[in-house]
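Asks: Have a look at this one before I ask anything.
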Amino acid sequence: MKIATWNVNSLNVRLPQVLDWLSSAQPDVLCLQETKAEDSRFPCEAIAAAGYQVAFSGQKTYNGVAILSRSPLAGVQAGIPGFSDDQKRVLAATVDGVRVICVYVPNGQTVDSDKFQYKMRWLRALHGWLEESLTQYPRLAIVGDYNIAPADADCYDPAAWYEQVLCSTPEREAYFGLLNLGLVDCFRRFDAADRCYTWWDYRQGGFRRNLGMRIDHILASNALAQTCVGCVIDTAPRRNERPSDHTPVLAEFSL
DNA sequence: ATGGCCTGCAACGCAGGA
């Protein structure tokens, strides 16, 4: 079973690239973030024609998440239960016995902003919900754009980003708090080259110069992580014409 | 040089991203 995540930065713009990538990478499940489309405008037909079922939770202009799956999606659930939020950032579904949670963690803008406070509140709510979910679903994957670079190795210039948003201590503590619930960063289960990132700024030739961050993650419960046989960042879509600023992450499980 | 680029919305610049 292959599970992937990709922040597409507008599904309207990126749909052809998503269809191409489905065809080449052949994931069983693909979680999308920043679809930026209301549900009434979601491209259901094109995705069905590619052989995928789909669940989505979107809104106009901002945010928006979706789960594409070759197998049926059961128990579809949008949002974090008990956490009131107008922003469409979470979608969960069960696929072939695996609970898949697609997340688009708030960016946070700057560490002294209201948006950062929202990010931290949001992460606390996610933590509480995951704690429950892990007891209910032994095989669980929570994948998406975390907007957190877990360690200095996940940032192209840790000195410049020291205590800045995406790299700050509170964010990293929240991230490792999630791991401490019993989750594994699938990418770090395997040896990887230095300077592996999932996002590069559109400006200043960020991708060409590999000035990036590893902020998109596939976390798996211990039971599921034990079946993980590989996890890779696919940088190919970042070389497309009109690319998303993020590129997909793909994990394979021997299920 | 505290921006640079990209998206969507609804303007003819803005907010937001990271």
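The values are calculated or read from the model by the stated rules, or taken from the named source; none is laboratory data. As the structure is a computational prediction, the values presented were derived from the model and not from experiment. Don't worry about glycine lacking a Cβ; one is built from the backbone with ideal geometry, like all the others, and counts go over all protein chains shown.
Asks: Being over 25 Å from residue A:34 (Cα atoms) and either out of contact with any strand residue (DSSP E or B) (no Cβ under 9 Å at 6 or more places or on another chain) or not aliphatic (A, V, I, L, M) (or both) is the requirement here; does residue A:132 meet it?
Replies: Answer is yes for this residue.
Asks: Something else about it: I'd like the residue in region A:135-150 that is within 17 Å of the chain's Cα centre (by Cα) and over 23 Å from residue A:117 (Cβ atoms) and, out of all such residues, is farthest from DNA strand B (Cβ to nearest atom).
Replies: Here the answer is A:140.
Asks: Looking at region A:173-202, which of its residues are within 11 Å of DNA strand B (Cβ to nearest atom) and either modelled with pLDDT under 95 or among the polar types (S, T, N, Q) (or both)?
Replies: Selection gives A:198 alone.
Asks: Further question: Got at least one residue in region A:204-211 being of a type in the set (A, V, I, L, M), more than 22 Å from residue A:27 (Cβ to Cβ), more than 10 Å from DNA strand B (Cβ to nearest atom) and buried (at least 17 other Cβ atoms within 10 Å of the Cβ)?
Replies: Yes, because at least one residue in region A:204-211 is of a type in the set (A, V, I, L, M), more than 22 Å from residue A:27 (Cβ to Cβ), more than 10 Å from DNA strand B (Cβ to nearest atom) and buried (at least 17 other Cβ atoms within 10 Å of the Cβ).
Asks: So, of the residues in region A:19-33 that are crowded, with 18+ Cβ neighbours inside 10 Å and not β-branched (Val, Ile, Thr), which turns out to be farthest from DNA strand B (Cβ to nearest atom)?
Replies: Restricting to residues being crowded, with 18+ Cβ neighbours inside 10 Å and not β-branched (Val, Ile, Thr), the top hit is A:28.
Asks: Residue A:170: out of contact with any Cys (no Cβ under 9 Å at 6 or more places or on another chain), surrounded by 18 or more Cβ atoms within 10 Å (Cβ to Cβ) and either more than 17 Å from residue A:25 (Cβ to Cβ) or at pLDDT 95 or above (or both), yes or no?
Replies: no
Asks: Looking only at region A:235-249, decide whether some residue is in contact with a Cys (Cβ under 8 Å, 6 or more places away or on another chain), surrounded by fewer than 18 Cβ atoms within 10 Å (Cβ to Cβ) and without any contact (Cβ under 8 Å) to a residue 60 or more places away in the chain.
Replies: No, that holds for no residue.
Asks: Scan region A:122-136 and give yes if some residue there is in contact with an Asp or Glu (Cβ under 9 Å, 6 or more places away or on another chain), modelled with pLDDT of 95 or more and among the charged types (D, E, K, R), otherwise no.
Replies: No, there is no match, as no residue in region A:122-136 is in contact with an Asp or Glu (Cβ under 9 Å, 6 or more places away or on another chain), modelled with pLDDT of 95 or more and among the charged types (D, E, K, R).
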